[in-house]
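Beneath this line is the structure, given in structure tokens, with notes to follow.
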Amino acid sequence: MSENNKADVLLGLQWGDEGKGKIVDVLTPHYKMVARFQGGPNAGHTLVFEGKKYILHTIPSGIFHKGCVNLVGNGVVLDPFIINKELDQLNIPLDVLQESLFVCGKAHLILPSHRLLDAAFEKKKGNFKIGSTLKGIGPAYTDKVARTGLRLTDTASESFEDKYNALKQEHLRLAEGLDFDIDELRLDGLTFHDYEKAWFFGLERLKALPRVQSEIFVNEALDKGARVLAEGAQGTLLDIDFGSYPYVTSSNTITAGACVGLGLAPGRIGEVFGVFKAYCTRVGSGPFMTEIRGEGADVLRDLGQEYGSTTGRPRRCGWLDLPALKYAVMINGVTRLIMTKADVLCSMKTLKVCVAYEINGEEKNISPLTTDSDSLNPVYKEIAGWNCTLDNVETFEQLPQPLLDYISMIEDFVNVPVDIISTGADRKQILIRKGAGILKRLSLS
Ligand code: IMP
């Protein structure tokens, strides 16, 4: 028994799209279990290896490693249509899946009519739209909290179809009240009716996956000494409580979300790996203090291929925001930092970094994370760029000096070490610092 064995958490410190999927994929060989704890198919975790690119929406990013147990926790919301498509993409034989992918029965289902409502609510909001991925996330979590939702486990009940139809009718009434015309809706290119048919087909496939109680499953694995990595989706600044509400997603994307989304006691959390990009991006609406407007943003967007992996939307781009990063480190209790996409800034001679917010003549070095951003002014520091390719850099220590200086500045600001940097999309493009704490944690030194 290893009662002191703790789960590590890996999550995003910005507005999502930090490159978490790739990092989970790289770390997975050192873990027995990878567990998703919140969100749903609004996520798009991109993994690149052996010349192929895979995008995972619901399935944990450890799925490509033999022997790794992947768990979809109680805190996740499931769309059987999308899971079915993901399973097709993975093309893993059922007998292998039976040993590598487990789903918690308590996880709530995203009904086709949740997606309908998402579209209806967004349309009604007009200029104030959230910029949702329209995957039905908000309405599904709304039903969960209202105690009217349907869980995977409920599909076993004889009355499931009745309950499904009753909830759907309720949703249709709501959409009608919002003057939303169901005939104009296309869900992944399908009419509502066709999507619903495919949804029920996917549900049968989802029901065939091994079902567990995530809290028992994870805690027993930890008791047996297994290494567990909890994988977050979206990012800290999109957290329902601590993000820039209402421009947020509908779940807790922070470390505390791993506790409720898997059934882990706070004392069972070990290291917290915070992933951040060397700059910032955001999809959808809401305040973005360091956003670059005009041509500069286009340059960064093209260099970083900043287009949503779930929706294909162009991402808003901006400079690294240290006060927001400091806030994210605080709220998550981050113990190790992982920086991604430093290679994207390679061709820039100078960079800007936000080092404070000016509020009524006073400078603050931690973001107040308010939606009322009009009264805030970012204070920038201009620094030298590294202005060279990272393609031939083989060790962390060989990184160009201006990049090492950039890393030191970040570490000094947030008081947490940067242990890993990712220098490209491929699994192999990763540099771990000599003597980094993460190596010890993974028993690699
Ligand atoms: P929803 O969660 O799809 O309703 O979207 C709410 C907000 O979170 C929108 O601004 C989305 O663009 C953003 N969002 C949701 N999921 C992700 C993600 O995985 N990456 C980046 N942004 C996301």
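For the stretch 306-316, does any single residue satisfy the condition of being among the acidic types (Asp, Glu) and more than 17 Å from the chain's Cα centre (by Cα)? Steps first, answer last, please.
First, the residues of the stretch 306-316 that are among the acidic types (Asp, Glu): 306.
So of that shortlist, the ones also more than 17 Å from the chain's Cα centre (by Cα) come out as none.
No, every residue in the stretch 306-316 fails to be among the acidic types (Asp, Glu) and more than 17 Å from the chain's Cα centre (by Cα).
Which condition from (1) away from the ligand (no atom under 16 Å from the Cβ); (2) surrounded by 24 or more Cβ atoms within 10 Å (Cβ to Cβ) is the one that Val26 breaks?
Only one criterion is unmet by Val26, namely (2).
Consider Leu187 carefully, then state whether it is touching a Lys or Arg at 6+ places or on another chain (Cβ under 6 Å), at pLDDT 95 or above and either open to solvent by less than 90 Å² (accessible area, probe 1.4 Å) or within 21 Å of Thr249 (Cβ to Cβ) (or both). Lay out the reasoning, then the answer.
Values: touching a Lys or Arg at 6+ places or on another chain (Cβ under 6 Å): yes; at pLDDT 95 or above: yes; either open to solvent by less than 90 Å² (accessible area, probe 1.4 Å) or within 21 Å of Thr249 (Cβ to Cβ) (or both): yes.
Yes; evaluated as a whole, the condition is true for this residue.
Can you say whether Phe217 is within 27 Å of Pro93 (Cα to Cα), away from the ligand (no atom under 16 Å from the Cβ) and either at pLDDT below 95 or surrounded by fewer than 20 Cβ atoms within 10 Å (Cβ to Cβ) (or both), as far as the supplied structure shows?
Judged against the criteria, Phe217 is not a match.
If you check Ile410, Ile420, Ile366, Ile432, which single one turns out to be of a type in the set (A, V, I, L, M), under 20 Å from Leu300 (Cβ atoms) and in contact (Cβ under 8 Å) with a residue 24 or more places away in the chain?
Step by step, each of Ile410, Ile420, Ile366, Ile432 is checked, and only Ile410 is of a type in the set (A, V, I, L, M), under 20 Å from Leu300 (Cβ atoms) and in contact (Cβ under 8 Å) with a residue 24 or more places away in the chain.
Among (1) modelled with pLDDT of 95 or more; (2) surrounded by fewer than 23 Cβ atoms within 10 Å (Cβ to Cβ); (3) not aliphatic (A, V, I, L, M), where does Tyr245 come up short?
Tyr245 satisfies all of (1) modelled with pLDDT of 95 or more; (2) surrounded by fewer than 23 Cβ atoms within 10 Å (Cβ to Cβ); (3) not aliphatic (A, V, I, L, M) except (1).
What's the number of the condition Glu231 fails, among (1) out of contact with any His (no Cβ under 7 Å at 6 or more places or on another chain); (2) not assigned by TED's automatic domain parsing to the domain that holds Gly274?
Against the list (1) out of contact with any His (no Cβ under 7 Å at 6 or more places or on another chain); (2) not assigned by TED's automatic domain parsing to the domain that holds Gly274, Glu231 comes up short only on (2).
Go through the stretch 413-438 and give me each residue that's in a helix (DSSP H, G or I) and over 22 Å from the mean Cα position of the chain (by Cα).
Of everything in the stretch 413-438, those that are in a helix (DSSP H, G or I) and over 22 Å from the mean Cα position of the chain (by Cα) turn out to be Phe413, Gly437.
Considering only residues that are more than 16 Å from the ligand (Cβ to nearest atom) and touching a helix residue (DSSP H, G or I) at 6+ places or on another chain (Cβ under 7 Å), which ones fall in the stretch 247-261?
Selection gives Thr255, Cys259.
Results for (1) open to solvent by less than 10 Å² (accessible area, probe 1.4 Å); (2) over 28 Å from Ser367 (Cα atoms); (3) not assigned by TED's automatic domain parsing to the domain that holds Asp321, shown as yes or no for each residue.
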{"residue": "Pro400", "(1), (2), (3)": "no, yes, no"}
{"residue": "Tyr406", "(1), (2), (3)": "yes, no, no"}
{"residue": "Phe413", "(1), (2), (3)": "no, no, no"}
{"residue": "Ile421", "(1), (2), (3)": "yes, no, no"}
{"residue": "Ile430", "(1), (2), (3)": "no, yes, no"}
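Looking only at the stretch 334-351, filter to residues that are away from the ligand (no atom under 16 Å from the Cβ), touching a strand residue (DSSP E or B) at 6+ places or on another chain (Cβ under 7 Å) and open to solvent by less than 40 Å² (accessible area, probe 1.4 Å); which one of those is farthest from Ile430 (Cα to Cα)?
Filtering first and then ranking leaves Leu351.
Looking for something of a type in the set (A, V, I, L, M, F, W, C), in contact with an Asp or Glu (Cβ under 8 Å, 6 or more places away or on another chain) and open to solvent by less than 10 Å² (accessible area, probe 1.4 Å) - is there at least one such residue anywhere in the stretch 64-79?
no
Mind listing just one residue for me: the one in the stretch 275-301 that is away from the ligand (no atom under 16 Å from the Cβ) and not in a loop (DSSP other than H, G, I, E, B) and, of those, most open to solvent (accessible area, probe 1.4 Å)?
Glu295
The values are calculated or read from the model by the stated rules, or taken from the named source; none is laboratory data. All of these numbers come straight from a predicted model, not from anything done at the bench. Because the Cβ atoms are built from the backbone with ideal geometry, glycine has one as well, and the counts that use them run over all protein chains shown. For the accessible areas, the whole protein counts, side chains as well, though only heavy atoms, and no ligand, DNA or RNA atoms are used. Shrake-Rupley method; radii C 1.70, N 1.55, O 1.52, S 1.80 Å.
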